[in-house]
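I have placed the structure first, in the form of structure tokens, so that the comments after it can refer back to it.
The values are calculated or read from the model by the stated rules, or taken from the named source; none is laboratory data. Just so we're clear, the structure is a prediction, and the values are computed from it rather than from any experiment. All Cβ positions, glycine included, derive from the backbone under ideal geometry; neighbour counts span all protein chains shown. Only protein heavy atoms, including side chains, enter the accessible area calculation; ligands, DNA and RNA are left aside. Shrake-Rupley method; radii C 1.70, N 1.55, O 1.52, S 1.80 Å.
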Protein chains: 2
Amino acid sequence: MEERTIQVDLCSTKKEKPKSDQLQFGKVFTDHMFIMDYSDPLGWHDARIVPYQPITIDPSAMIFHYGQSVFEGLKAYLSPEGEAQLFRPEKNMQRLNRSNDRLCIPPIDEEFALQAIKELVALERDWIPASEGTSLYIRPFVISTEPYIGVAPSRHYKFIIILSPVGAYYAEGINPVKIAVENHYVRTVKGGTGEAKTGGNYAASLKAQEMVANTGYAQVLWLDGVEKKYIEEVGSMNVFFKINGEVVTPALNGSILEGVTRNSVIQLLKHWNIPVAERRVSMEEIYQAGKDGLLEEAFGTGTAAVISPIGQLTWNDEHLYVNDGNTGTVAKRLYDTLTGIQYGKEKDPFGWIEQVEEVSRVK
Amino acid sequence: MEERTIQVDLCSTKKEKPKSDQLQFGKVFTDHMFIMDYSDPLGWHDARIVPYQPITIDPSAMIFHYGQSVFEGLKAYLSPEGEAQLFRPEKNMQRLNRSNDRLCIPPIDEEFALQAIKELVALERDWIPASEGTSLYIRPFVISTEPYIGVAPSRHYKFIIILSPVGAYYAEGINPVKIAVENHYVRTVKGGTGEAKTGGNYAASLKAQEMVANTGYAQVLWLDGVEKKYIEEVGSMNVFFKINGEVVTPALNGSILEGVTRNSVIQLLKHWNIPVAERRVSMEEIYQAGKDGLLEEAFGTGTAAVISPIGQLTWNDEHLYVNDGNTGTVAKRLYDTLTGIQYGKEKDPFGWIEQVEEVSRVK
Ligand SMILES: Cc1ncc(COP(=O)(O)O)c(C=O)c1O
Ligand SMILES: Cc1ncc(COP(=O)(O)O)c(C=O)c1O
């Protein structure tokens, strides 16, 4: 039987909250965290909210050696009415379990995990920053904790949720970035762990990212690991191109992460009757479209930046400028609509928003 | 300046040591461990040997999220004279730094890391089991500890060394195993992290391993991630085949780990004038050799098992039996010679052995 109640142990003193205009990404954490343990044969148990604190863990714990871990990332937004709301959180819980399956981690009851997020966010709602573009980032993650240095699935895990107030991604409005196409390193490959949100994919990406950052690029564009021809993702985002009126994005092929933003963008485009296709997209095709003047827009999608327009794409020393380095109209419309829905300023025709609690906030 | 002294803080009570015939792999750890910290701009500092103990680490520490970690594995053996000795440890330290480089982890002074291993092993020498085939497994590893959930190289690390007394890999002598060729999942790919000893590669391998274990196989044989045609490794070992008098092993191609045992095997074969080639080896070639009666031996190589003969290889429901399921003469000779050198029972013509200390042990 899955445990259903969450013990709450409140902290005695609260931390000082950072000022809204000084928020950075992922450096400050709230007063409490959620933890639940797994062990054989008990299953997931001992769900609790406790003061945010370091965890104590054996140096032989598997997470330190064999990287068996998964994570998620979503946000809580404050609506004009002061309500805390989540954007399609069930999608993140589903993906968490798909990741768990790939990594041989026992599944977590999705409804219960969502309940845990809601209880924690409700408790920490004063931490949700109110300024334009700010939010409370939610990081659920699972780590393998069995003290055993043999290569095998762990028999002990911790599922933890921590929260971090984060600033507006674009301090001065949405801004196109420079991207370098990566020809040497790959993030992952079909048959590997690319579909899962697991640490190893990110560890593998650091080297390429570090190298391009040194030459002034914001992110790399990843090509497929098999032929190094087909586009996969950009940085830690899914990627879209508008070519001659049609929007295309790489089809899910086993090595691409299925982004919640990606899925939402596709739905919005269909809703707007803008042609959109999920298919293989080669770098050659994008390059040709650019040369032929048909590449109208390019942008990344992800929870952190929502929409991140690409102004320049560099491939083997060839520079391709997209829309003269300006944000395209589709990218802008997607950004405005998605953030409008997320912050409760626009109608939510798809039922994407989930309230954390109904109690309205004293302002 | 690299720190050169190691502070020692001894434990007050010692643990009971497991009986030599009850040793398992990687479950029991010795009384002390080595730790050294890294931070910007201090570099590696505060090298110390302390009582074996849990570490306390923030839940936002990067290791839990983005898998930035590397490790090594080697052993201390007890010679007939009671001397603790290491096998080519400098190779492990070199590989540690190659792994560090791929994972954007700052390099560690190799001589100092080896000194740390020696000091720790010397302190724990009573933990080196004396029975045939037993040893003290040494696990150096680096984890990223910065409390920051942004995807970037960490600016804080811990380098830790723990020790575990381990039993004979083959309780009843060296024994051929059944291996299944993996056609769906891949461990890693060229451009990925396969050359590095990092957690993500092992996390990626669990699923395939779990699936074949359920059907009675010991390990999977990994094919290349690009064409799924060429042989890479078997389980967490490098792999060799003897075909019509010649020994072949997959050439280092960017996705194969460069094993210390692999390198030693190649040197021994050359020394014995047995033809040996490092090149691409396709599964088709091995299958044909088997069908033609030319596949004389197959075996994995690694620190844990030294030599692990393959008695059966299953590929797409086709079963290939190697040497009638018996250990081949080359595999046996390699095993005897390598373990002979490691345990100080045979001459060491290549200077592979490094003594931990000269003081002879009271018996
Ligand atoms: C590798 C990768 N691709 C794509 C995405 C976008 O996914 P989502 O839209 O769910 O945030 C993420 C996460 O943010 C990611 O880590
Ligand atoms: C993936 C992998 N391949 C091969 C080996 C063999 O390397 P070594 O001979 O250095 O132990 C190891 C480690 O033992 C390994 O983890």
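In table form, for the structure just shown:
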{"quantity": "Only one of A:GLU232, A:GLU278, A:GLU297 that is of a type outside the set (A, V, I, L, M), closer than 25 Å to B:SER255 by Cβ and out of contact with any Cys (no Cβ under 9 Å at 6 or more places or on another chain)", "calculated": "A:GLU232"}
{"quantity": "Test result for B:ARG102, under 30 Å from A:GLY26 (Cβ atoms), open to solvent by 10 Å² or more (accessible area, probe 1.4 Å) and in the same structural domain as B:LYS17 (by TED's automatic domain parsing)", "calculated": "yes"}
{"quantity": "Residues (over 20 Å from the mean Cα position of the chain (by Cα) and at positive phi) located in the range A:298-335", "calculated": "A:ASN316, A:ASP317, A:ASN323, A:ASP324, A:GLY325"}
{"quantity": "Lone qualifier among A:ALA196, A:ALA180 - being more than 12 Å from chain B (Cβ to nearest Cβ), in contact with a helix residue (DSSP H, G or I) (Cβ under 7 Å, 6 or more places away or on another chain) and under 30 Å from A:GLY225 (Cβ atoms)", "calculated": "A:ALA180"}
{"quantity": "Selection from the range B:189-215 of residues that are over 26 Å from B:GLU297 (Cβ atoms), open to solvent by less than 50 Å² (accessible area, probe 1.4 Å) and not aliphatic (A, V, I, L, M)", "calculated": "B:GLY191, B:GLY192, B:THR193, B:LYS197, B:THR198, B:GLY199, B:GLY200, B:ASN201, B:TYR202, B:LYS207"}
{"quantity": "Strands (runs of 3 or more DSSP E) (entirely within the range A:1-89) containing at least 3 residues that are open to solvent by 30 Å² or more (accessible area, probe 1.4 Å) and at positive phi", "calculated": "none"}
{"quantity": "Extreme residue, modelled with the lowest pLDDT, among residues of the range B:115-154 that are more than 20 Å from B:VAL70 (Cβ to Cβ) and among the polar types (S, T, N, Q)", "calculated": "B:SER131"}
{"quantity": "Top-ranked residue in the range B:233-262 [being away from every other protein chain (no Cβ under 14 Å) and within 8 Å of ligand 2 (Cβ to nearest atom); ranked as most open to solvent (accessible area, probe 1.4 Å)]", "calculated": "B:GLU258"}
{"quantity": "Residue selected from the range A:305-317 under the condition modelled with pLDDT under 95 and open to solvent by 30 Å² or more (accessible area, probe 1.4 Å), by the criterion nearest to ligand 1 (Cβ to nearest atom)", "calculated": "A:ASN316"}
{"quantity": "Some residue of the range B:320-337 being within 27 Å of B:ASN100 (Cα to Cα) and without any contact (Cβ under 8 Å) to a residue 40 or more places away in the chain", "calculated": "no"}
{"quantity": "One residue from B:ILE128, B:ILE161, B:ILE138, B:ILE174 being without any contact (Cβ under 8 Å) to a residue 60 or more places away in the chain, in contact with a helix residue (DSSP H, G or I) (Cβ under 8 Å, 6 or more places away or on another chain) and more than 7 Å from every other protein chain (Cβ to nearest Cβ)", "calculated": "B:ILE128"}
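Table: residues versus (1) part of a loop (DSSP other than H, G, I, E, B); (2) touching a Pro at 6+ places or on another chain (Cβ under 7 Å); (3) within 16 Å of ligand 2 (Cβ to nearest atom).
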position	(1), (2), (3)
A:PHE112	no, no, no
A:GLY150	yes, no, yes
A:VAL181	no, no, no
A:GLU210	no, yes, no
